[in-house]
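The structure appears right after this line, and notes come after that.
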Amino acid sequence: MNQQTRGILAVAGCSAAIFWSGAFIFGFPGVMSPLWQKMFLVGKGPIGNTLFFVLAAVGLFMFLVGRLQERFGTRRMIFFGVILCGLNPLFLTQVTHITLLYAWSFINGLASCFIYIPSLTVVQRWFPEKRGLVSGIVNLAFGFSAAVMSPLFNLLLESFGYVYMNVVLACGALIMGLIAVLFTEPPRVSGELPKGGQKGAANPVRTDQALTAAESLRTRAFWFLWLTWAFQGAAGIAMVTLSVNFGLSKGLVLAEAIWILMAFNMTNGLSRLVMGYLSDKVNRSRAMSLTFLAAGCAYLVLPGMTNLGAIILLASTIGFAFGTLFAVSAPLASDCFGLKHFGAIFGLIFTAYGFISGIVGPSLSGYILDVSKGNYFIVFSYLGIFCLLSGFFIRQVVPPIKS
């Protein structure tokens with residue numbers, strides 16, 4: 001098997017490995033939130049906390065996984081992640097209290113850490129000259145999976161009931177994940193470009209000197225990218241739990257409200273491929289900024305919308321920006337800091353997503369809705385401002401000048 005074929009199979013394997021993790025994070029809570037509110041007799045705030053615990057795990061473990069993969073290898077990390085992801089729905093069948101639901105959410109986030117960073121590392125090393133494209137493909141599977149699976153989650157719930165649905169999901173996730181791991185091998189030699197490589201590229205990878213994690217912390221680029229993840233990450237992930245309930249508040253039935261979540265996740269997935277590909281040809285930070293500004297405007301006008309088509313269009317705009325954040329941040333980080341310590345550095349950036357986004361995004365918005373009796377104007381206004389700020393922050397992310 002030639003190198004090109006092995007690289008393509010690695011991209012496919014990494015994409016398949018991350019598929020179920022994305023579905024359980026970006027789709028499952030949104031579909032299940034009305035049911036969970038009835039099961040546990042709670043409001044929107046406590047249900048919004050499920051995503052806080054997902055992101056808390058990301059904040060705690062993404063950096064650690066980035067370091068561990070340098071010692072134990074990326075494939076072992078992905079294998080452990082798909083096992084956690086596949087078995088976790090079985091734990092959900094035993095959940096009788098909301099605190100156990102938070103444990104399930106935390107394990108979801110932990111599983112994603114072991115798959116996401118290693119997968120991005122593998123595909124960028126296979127195709128260093130197309131880092132945006134291959135990162136976008138993996139991110140497409142991560143985000144678009146929820147758009148595919150959200151209506152299926154609802155169908156399985158109606159067909160099998162809550163417990164058996166989770167058993168079916170566990171089997172599907174384990175089988176697909178374990179097959180995918182077989183194809184996630186990295187290249188034997190790192191794909192770090194030789195000095196002078198990628199001549200004339202719009203976004204050449206840093207080849208003069210790959211920064212360590214400690215060195216990256218002393219750069220302006222790192223902290224503005226960190227702030228972008230804190231605020232744009234909050235604005236994006238909040239829609240996972242807000243979308244369906246917002247639709248219901250507008251008088252839509254559940255089947256119609258799910259279309260809002262589907263639209264968000266569809267563009268959340270598609271933009272990861274589209275913007276990942278385009279980011280290899282245009283200025284990455286400028287392209288990200290435009291999508292964030294568009295999402296901010298969408299959030300600000302969303303509360304006044306009553307037409308389902310208009311709501312879907314605006315939710316799609318927010319989803320497009322969220323997908324862009326995921327797809328373009330990885331190659332932008334390697335532009336700035338190099339590929340050698342990418343896992344550890346990107347894991348540090350993810351602490352913003354884990355420790356800040358979960359609190360000020362889904363958790364805070366849920367509690368505001370409970371206190372304000374469902375006033376989405378307040379929630380969507382501050383999330384819109386987060387997007388606008390992120391549009392400014394990301395323009396400040398440029399490769400550090402060699403000292």
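The values are calculated or read from the model by the stated rules, or taken from the named source; none is laboratory data. Keep in mind the model is a prediction, meaning the values are calculated, not measured. Cβ: placed from backbone, ideal geometry, glycine included. Neighbour counts: every protein chain shown.
Checking the condition of a type in the set (S, T, N, Q), at pLDDT 90 or above and closer than 30 Å to residue 73 by Cα, which residue from 351, 317 passes?
351
Which pairs have Cβ atoms under 7 Å, sit 6 or more apart or on different chains, and link a residue in the stretch 151-174 that is in a helix (DSSP H, G or I) to one that is among the small types (Gly, Ala, Ser)?
153/27; 170/86; 173/86; 174/86
State all residues of the stretch 84-97 that are touching a residue at least 60 places away in the same chain (Cβ under 8 Å), over 19 Å from the mean Cα position of the chain (by Cα) and part of a helix (DSSP H, G or I); if no residue qualifies, say none.
87, 89, 90, 92 - these are the residues of the stretch 84-97 that are touching a residue at least 60 places away in the same chain (Cβ under 8 Å), over 19 Å from the mean Cα position of the chain (by Cα) and part of a helix (DSSP H, G or I).
Taking the stretch 61-83 only, how many residues are in a helix (DSSP H, G or I) and surrounded by fewer than 18 Cβ atoms within 10 Å (Cβ to Cβ)?
Looking only at that region, the number is 7.
Please state which one of 154, 166, 203, 139 is surrounded by 14 or more Cβ atoms within 10 Å (Cβ to Cβ) and either at pLDDT below 80 or of a type in the set (Lys, Arg) (or both).
One residue alone meets the criteria, 203.
Output the residue which, of all residues in the stretch 13-60 that are of a type in the set (Val, Ile, Thr) and surrounded by 20 or more Cβ atoms within 10 Å (Cβ to Cβ), is modelled with the highest pLDDT.
So the residue we want is 18.
Which of the residues that make up the stretch 279-294 are more than 21 Å from residue 226 (Cβ to Cβ) and either at pLDDT below 90 or surrounded by 24 or more Cβ atoms within 10 Å (Cβ to Cβ) (or both)?
280, 281, 282
Enumerate the pairs (first residue in the stretch 1-29 and over 22 Å from residue 261 (Cβ atoms); second residue anywhere and of a type in the set (Val, Ile, Thr) and not in a helix (DSSP H, G or I)) with beta-carbon separation below 7 Å, excluding pairs fewer than 6 apart on the same chain, so at least 6 apart or on different chains.
10/184; 13/184; 14/184; 17/184
Residues being without any contact (Cβ under 8 Å) to a residue 60 or more places away in the chain and outside any helix (DSSP H, G or I): count how many of those fall in the stretch 30-52.
Adding up the residues that qualify gives 2.
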